[in-house]
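Notes follow once the structure below has been shown.
The values are calculated or read from the model by the stated rules, or taken from the named source; none is laboratory data. None of the values given here were measured: they were computed from a predicted structure. Quick reminder, even Gly has a Cβ in these numbers, built from the backbone with ideal geometry, and neighbours come from all protein chains shown. Remember, those area values only see protein heavy atoms, side chains included, never the ligands or the DNA or RNA. Shrake-Rupley method; radii C 1.70, N 1.55, O 1.52, S 1.80 Å.
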Amino acid sequence: MELGQQREEAAEYYRRHRVPQRMEEALNALFPLRPADLYGELANYFSKFSNAPIICKLVGRKVLDGVGQPTLEVEIHCTVKNYEKRICSAVMSSHSQIPENASPETTEADEKERNDSVNTAVEWVNEPLNTMLRDLKPTDQCQVDKILGEYFTKKVEEKKEIQKQEEEKAEATPPLTSSIPSETALPGKKKAKSGKKGADAERTIPPAEPAESVLGGSLAIGGTSLAVAKAGATISQIPLYLHIALLKHDQDLPKEMTLPLPMVTLLNCEKISPAKLKLMKEVMLIPPVQVSLKQGIERILDIQKEMMRLLEPPGKAPNPQLTDSKKGRAHDTGKKAPPRALKRMSHLGCLITGCDNLEQPLLLLQTACHNLGLELGTDVYLAINCAAHELMDYVKGKYEILTGTFKSPDEMVDMYVELIHKFPFIIALIDPLRKEDRQQWSSMCCALGSKCYLIAEDAATSISKLKIDQNINIPTCSGVVLKYINQTKVSDLTELTRLLDGQRHITILGSPDGESSDDSLVDLAVGLGARFVKLGGPSRGERVTKYNRLLAIEEELAKNRTLREANIEFITFSEESEPEKQLSDVLPPPTQDSLPPQLSQPALQLPSLPAQLPGNSTLT
């Protein structure tokens, strides 16, 4: 009786799931094909009727990045066809706001804070986030990011509450040394009065804005969001860049895709003695759009080899083409021939050298290209990461561009105008000024915007803040460098790049200093439609793997005939974007193209019609 009942239940169970019908359909469909692996083909046939994979477990662990600093790895495990399966993992890149010339105490404190933050992130992933994301589909990125955002907001509120309680407790304690701050401030004021020039400089230089606080454990948010995106792409059996493009365009895949042009770091100008030049943190090359990325990167590698030969020729004899006006000193000893030959690699994956003036690295590049039969401005372009925020001397109220040489923000603008006029093959300046010098940013955009990209990296705010507050006060610029760090989520990037695209600002995906071997940044840049991608130099494994990924995507898109040629076009800023008006919250001039209200962002200043990159006759 029991056996008969079980048979009836089994028959009903299989009929309810249409197993007999689908088995008959499978056998009828496969027999004409007579596949070599029949059971494999049956498995493929029935897999389309299986339940969609769901997240069953997150695993967080502490790992090391490319410079030996601790960072976070997040693994995604899904239930696939009734079995738990590891789908993928993502490793976050570490990012530090500590400048290169920081004191040992500051560096040590930063390392301890970073280590504690990674430990907290591991706890968040393995405990609360593991529970909160269980049973969600990895393809539901918006829902996952919504949960992550709510959790992070809750943690921020908890942190604020703790700080508030600590402040109240401190206020209740008698201030034994309350007079010290005022006493220490008074001498500075008196000193400023005694030196009228110093007082004027102090009034004209806006103070540095406080660094944005980073909540310990925030890596868990960004790492989990990226890992889920990679899992969604794997489950959907498409490359990550296509998955990102679908997310950005609401599942409407573009017919063609444009690859971002790489900004390849070739030189890192050392800021320590005996070198004098401090302004150029990175000297980068950009291949032209007329050649493939593969050809362009090969061309840049040839230039790097030639530069190494010029920096350290056989016998260490100075090259006469690279000497400055002090030729006698250059011929006395090979070691003092500028630029100084330091055949070392930076953590950025590029050559390290020291220079004594602004023109030396540019003339070095010109010489290297000339020796190879290449022309700067035609066969390759130049970009400079100035990192000006690291050069401000707040006592003098000026930037120290060379050892002992200081310039005010207004003088910096004049210097850049002269530099671009003399070397028109420079098509991008990154962080040429501090973000606080907004009037000078506006002036420089009016003067150079039609000839050169003026890009904010450190001068831009965090992605999450910029996405939430579209009117946040950042300088007028051609575009911003976005970095996937801390609590940044994939949805933040898709929303923000849509905003920037609508305002015709360029997007650059940038690699943090502490890069990992995870190559997802390239897929993000391609999927988001970034104009440039800033990956560092063509050395060091964690950076080369990203260039290899970029070349692989180019090959795949070319094979599928979905690759569209990139273009370089500059932004002509309106003359009405004067410094005084830029600091206000007025809307862009009515003569410019209108945007929906939700896309208007006065702080970024809507540009006028773009100007095409000048031809070869101009950039020579």
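Per-residue surface analysis assigns Lys62 an accessible area of about 90 Å², computed on protein heavy atoms at 1.4 Å probe radius. With the whole protein complex present, Asp379 retains an accessible surface near 40 Å², based on a 1.4 Å probe. The label point for Thr367 and the one for Ala52, both projected 7 Å from the Cα toward the Cβ, are 6.1 nm apart. For the range 33-110, the convex hull spanned by the alpha carbon atoms encloses 154 Å³ per residue. Residues within the reach of a label modelled at Glu298 (point 7 angstrom out along Cα to beta-carbon, backbone nitrogen below 20 Å), restricted to the range 523-552, are 538-539, 544-552. For the set Phe31, Phe570, the ranking by accessible area, highest first and with no ligand, DNA or RNA atoms included, is Phe31, Phe570 under a 1.4 Å probe.
Using 0.36 nm per residue and subtracting the Cα-Cα separation, the extra length available between Thr405 and Glu25 on full extension is 128.6 nm. At the residue level, Tyr484 shows approximately 20 square angstrom of accessible surface with a 1.4 angstrom probe and all protein chains present. The listed residues Thr488, Thr403, Thr562, once ranked by accessible area (1.4 Å probe) with the largest placed first, stand as Thr403, Thr562, Thr488.
Only protein atoms count toward the accessible area here, which uses a 1.4 Å probe; on the range 1-48, the carbon and sulfur part of that area reaches 55 percent. Remark on Asn357: its backbone amide H falls under 5 Å from those of Leu277, a criterion applied only to residues 5 or more positions apart or on other chains, H modelled at 1.01 Å from N.
Determine, from the Cβ-Cβ distance of Arg34 and Asp135 and an R0 of 51 Å, the FRET efficiency 1/(1 + (r/R0)^6), rounded to the nearest 0.05.
0.80
Taking only the C-alpha atoms of the range 1-48, the Rg (one decimal) and the largest Cα-Cα distance, Dmax (whole number), read 14.1, 43 Å. When Rg and the Kirkwood Rh are both derived from Cα coordinates, the Rg/Rh ratio for the range 341-459 amounts to 0.97.
Under the simplified labelling scheme, the Lys85-Asp414 pair shows an inter-label distance of 6.7 nm, with each label point 7 Å from Cα along Cα→Cβ.
Residue separation of Ile162 and Gln6 scaled by 0.36 nm, minus their Cα-Cα distance, works out to 50.0 nm of gained length. When all protein chains stay in place and ligands, DNA and RNA are ignored, the 1.4 Å accessible-area order of Lys155, Lys255, largest first, is Lys255, Lys155. Shown is the FRET efficiency for Ala558 and Asn44, computed with R0 = 35 Å from the Cβ-Cβ distance and rounded to the nearest 0.05: 0.75.
Dividing the Cα radius of gyration of the range 341-411 by its Kirkwood radius returns 1.04 for Rg/Rh.
Filter the cross-link list Lys169/Lys435; Lys112/Lys248; Lys278/Lys305; Lys451/Lys483 down to pairs whose alpha-carbon distance in this structure exceeds 27 Å.
In this structure, Lys169/Lys435; Lys112/Lys248 lie more than 27 Å apart at Cα.
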